[in-house]
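Structure, as structure tokens:
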Amino acid sequence: MEWATILLVLTVVVIVVWLITTYNTLVAYANRYKNALAQIEVQLKRRYDLIPNLVETAKAYMVHEQTTLQAVTSARNEAAAALSALSNSGGISALATAETALQGALSKLSVTMEAYPDLKASENMQQLTEELTSTENRVAFARQGYNDSVMTYNTYRQSFPAVVVAGRFGHGADAELLEFADSALIQAAPKVTF
């Protein structure tokens, strides 16, 4: 009788330790991807702050391109609003859609700026463009870190035996990856002919 009691107590202890470990791991992974998302927010806010300066600098040179400048400003405002509403459900996909539109508008601005050599030569414009490029790289790096954290969380949450209790601990749904449509930024390799 004594061995049965000891075995029962050991089984209960093992189950309790396993539950505590699983819960703590889920919380740690969830906090890690939430922190990674906060890092993306910091970089996106930095970029949103740079865009009005870029537009103002370009206005002086691009008098006939007001629609392009307005499109950039509008896309920036929509992306900033999506970032502010990120905590709502579906916020990640709304942010991704707004970011894709902003990237498209910035790409169009970049193409339009090619027609204004004085604008491209402006020291202020060069500095703003460099800062924006640096920020784009930071956003990409932060997004990669976020998506890696989401994958770690989702993989652990979906794996056995954690999947058995994850829903009961408030971790019933997958975290959503943040994917921007980078096709506007990716250019085809240049063709060189001699």
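The values are calculated or read from the model by the stated rules, or taken from the named source; none is laboratory data. Keep in mind it's a predicted model, so treat the numbers as computed, not measured.
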Which numbered condition in (1) at pLDDT below 85; (2) over 21 Å from the mean Cα position of the chain (by Cα) is the only one that A82 fails?
(2)
Output the residues belonging to segment 73-129 that are part of a helix (DSSP H, G or I) and among the hydroxyl-bearing types (S, T, Y).
T73, S74, S84, S93, T97, T100, S107, S110, T112, T129
Residues in segment 21-44: is at least one closer than 30 Å to D118 by Cα and not hydroxyl-bearing (S, T, Y)?
yes
